[in-house]
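Below is one structure, written out as structure tokens, with a few remarks after it.
Derivation of every value follows stated rules applied to the coordinates shown; laboratory data play no part. Owing to the predicted nature of the structure, the values given are computational and were not obtained by experimental measurement. Note that each Cβ is placed from the backbone with ideal geometry, even for glycine, and that neighbours are counted across all protein chains shown.
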Protein chains: 2
Amino acid sequence: MIQLDEIDHALLRALSRDATQTAGALGRELGLSQPAAWRRIRRLQEAGIITGRKLDLDAGKLGFGVTVFLGIKLATKGRVSLEDFERAVSAIPEVQTVEHILGMYDYRLRVTARDIADFERVLRRRVMTLPGVGSVDANVLLSEERRPGPLG
Amino acid sequence: MIQLDEIDHALLRALSRDATQTAGALGRELGLSQPAAWRRIRRLQEAGIITGRKLDLDAGKLGFGVTVFLGIKLATKGRVSLEDFERAVSAIPEVQTVEHILGMYDYRLRVTARDIADFERVLRRRVMTLPGVGSVDANVLLSEERRPGPLG
DNA sequence: TTTGAAAAGTGATAACA
DNA sequence: TGTTATCACTTTTCAAA
């Protein structure tokens, strides 16, 4: 595992807030030359710490006003059924996140839909028919705050 | 609300996979000139559809090997206690996501820690002492898959 | 209006001290 | 690591469909 110093952490913190910042601007902020900052960022990528950059989209403005978290318990938990379940769930376009978890649920899904009627369609036609599903609990997203966490 | 055509959706789909792609490369892929692709991307930003670009970090490589989802029910649910709770939870650095939800839980937190011992510290010292907390359920993240969803 | 071509400005990447 | 140099991308301008 690669060793990171204060400056690396400051870079990660700054980029966690806004990944569009240029190496030059970050260097200026941290008292580094532009190529020095750039090389550190590349090092973080090559070490696999920065794995990519993703868009932040406003789902509501794209017509997807409903986000629901589903907690799923499987009925049968053999290895085969886990793989079957994961393959099937990956084919549902409305599923944004599949989390395999340990605890009171086996899987947690983040599902987005245009409205409640659209969500009901996804739930009945796609989710309830997934192979091995035992029970499904739902929570509707009201608001969300993402924080940098201790990583950056 | 802004009207999007096929090309805009293709751009969003491509950028959802990898937000580092250049306007020139995207234009070539979609049969558009470089400035045309660039202007469309800028339009999506100005319309508030693209709200930013965030880093994808490998928490494990940064020494945070444990991610836990907490489902929290509040004991008292007045407006004041929601705000108190949110303010207090935002001050915990290990919390990466705060989701206000409707259903069997009131809040869902994504918490990351170095190991189980570290997580226990966060849970006992920070989470259990949050104002208004009724009960806390936990699920440990085993693996996670993020998908573009229907947005892009 | 949205497009493509061209040009100017800025950042990314490489070579080198 | 910083300096310099080059190349690529971004951003603006402008003219045409």
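Provide a whole-number value for the mean count of partner chain Cβ atoms within 10 Å of the Cβ atoms in peptide A:130-142.
Mean shielding by partner chains, rounded to a whole number: 3.
B:Pro131 label points, 7 Å along Cα→Cβ, one per copy: pairwise distances from this copy to the rest in nm, shortest first?
So the distances to the same position in the other copies read 5.1 nm.
With +1 assigned to the C-beta of every Lys and Arg and -1 to the C-beta of every Asp and Glu, and no other charges, what is the dipole magnitude of chain B about the Cα centre in debye, to the nearest 20?
240
Using the Cα centre of the stretch B:59-141 as the reference point, and only Cβ charges (+1 on K/R, -1 on D/E), how large is the resulting charge dipole? Debye, rounded to the nearest 20.
80
Averaged over its residues, how many other protein chain Cβ atoms are within 10 Å of peptide B:101-112's Cβ atoms?
Working: counts 10, 6, 9, 4, 4, 2, 2, 6, 0, 4, 2, 3.
Per residue, the number of nearby Cβ atoms from other chains is 4 on average.
Quick one: what do you get for chain A if you divide its Cα Rg by 2.2 N^0.38 Å?
Taking N as the residue count of chain A, the ratio is 1.36.
How much net charge surrounds A:Leu4 when only other residues with a Cβ under 15 Å from its Cβ are counted (Lys, Arg +1; Asp, Glu -1)?
+2
Order by neighbour count: B:Asp5, A:Asp106, fewest other Cβ atoms within 10 Å first, most last.
B:Asp5, A:Asp106
Counting only other chains, what is the mean number of Cβ atoms within 10 angstrom of the Cβ of each residue in peptide B:93-100?
Mean shielding count: 6.
With N set to the number of residues, divide the alpha-carbon radius of gyration of the protein assembly as shown by 2.2 N^0.38 Å and report two decimals.
Numbers: Rg = 20.5 Å, N = 304, 2.2 N^0.38 = 19.3 Å.
Expressed relative to 2.2 N^0.38 Å, the Cα Rg reads 1.06.
Lysine pairs, Cα distance under 25 Å, 8 or more residues apart or cross-chain: how many in the protein assembly as shown?
4
In debye, nearest 20: dipole of the protein assembly as shown around its Cα centre with unit charges on the Cβ of K, R (+) and D, E (-)?
Magnitude of the dipole: close to 320 debye.
222 nm [θ] for the protein assembly as shown, helices only, -39500 (n - 2.57) per DSSP H run of 4+, per residue, to 500?
-9500 deg cm²/dmol
Taking the Cα centre of chain B as the origin and placing charges on Cβ (Lys, Arg +1; Asp, Glu -1), which of B:Ala14, B:Ile92, B:Leu141 is farthest toward the positive end of the dipole?
B:Ile92
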